[in-house]
1. Would you please calculate the Kirkwood hydrodynamic radius of segment 1-71 over all C-alpha pairs and express it in Å, rounded to one decimal?
2. How far apart, in nm, are the 7 Å Cα→Cβ label points at E182 and Q69?
3. How much accessible surface does R128 have with a 1.4 Å probe, in Å² rounded to 10?
4. On the full set of protein chains, 1.4 Å probe, figure out the accessible area of Y39 and give it in Å² to the nearest 10.
Amino acid sequence: MPADLSDASDGTLASRAAEGDERAFEVLLRRHLGLMTAYATRLTGSRADASDAVQEASITVWRELPTLQAPDAVRGWMMTIVSRKSFDLIRRRRPASDVDELEVPSTDGAHDDPERRAQSSDAMTALRVALSRLPAAQRRVWTMREVGGESYADIAEKTGSTATAVRGQLARARESLTREMEAWR
C-alpha cells in the first residue's frame, strides 16, 4: 500500500473507501472531480446544474461503493452515476443558462509549453463552439459516448430512444464535428 494515497490506484482507493476510509474516498473523488464536472456540464448545459448533479452523484457513490463488484472499474461506474443524476436534473427542471466556460486542466504536459497550451486552448474553444452548434440530442449522445464512455444501450435507455437511433445521432454528430474541426487535424 502506498504511503501517500494520491499514488494509489483507483481500484485500491475504491476498495478502501467501500470499507469506510473517508481519506481514500476524498482522493478518489478529487482525482475524478474535473472529469465528472465537465461531463455533467456537457449533459446539462449548465455549470450550476452540473454542480448539483456532481454533488448528488458524489453522495450516491459514497453510499453505493460497498456494492461495487469491480473496484478497478470505479471511474466508469462513477461516470454512469453522474450521467444518471444529470438526466434526473434535466427531467426535474429546465437547465439554467450559463455564461461561464468550463476549463478542464490538461494532463498532456502542454502546460509546460505556452505555444502548445495556446493551441490546445484554441482547439478546445473550437470544439466547444462546434458542440454548441449540434442539436441538443446529438450533443448529449456524443458527450455520453465520447466523454462518458457509455454503451449505445445505456445511452438509448437514458434518452428514451433506441440503440439504432443513438448510433444515427452519434454518426451525424461525429460527421458535423469532423467538418467543423477540420482545421485542427
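1. 12.7 Å
2. In this crude label model, E182 to Q69 measures out at 4.6 nm.
3. The accessible area comes out at roughly 30 Å².
4. Answer for Y39: close to 0 Å² accessible.
The values are calculated or read from the model by the stated rules, or taken from the named source; none is laboratory data. In this text the structure is predicted, and so the values were computed from the model without any measurement. As a convention, Cβ positions derive from the backbone with ideal geometry for all residues, glycine included, and neighbour counts pool all protein chains shown. Keep in mind that these areas ignore ligands, DNA and RNA; they rest on the heavy atoms of the full protein, side chains included. Shrake-Rupley method; radii C 1.70, N 1.55, O 1.52, S 1.80 Å.
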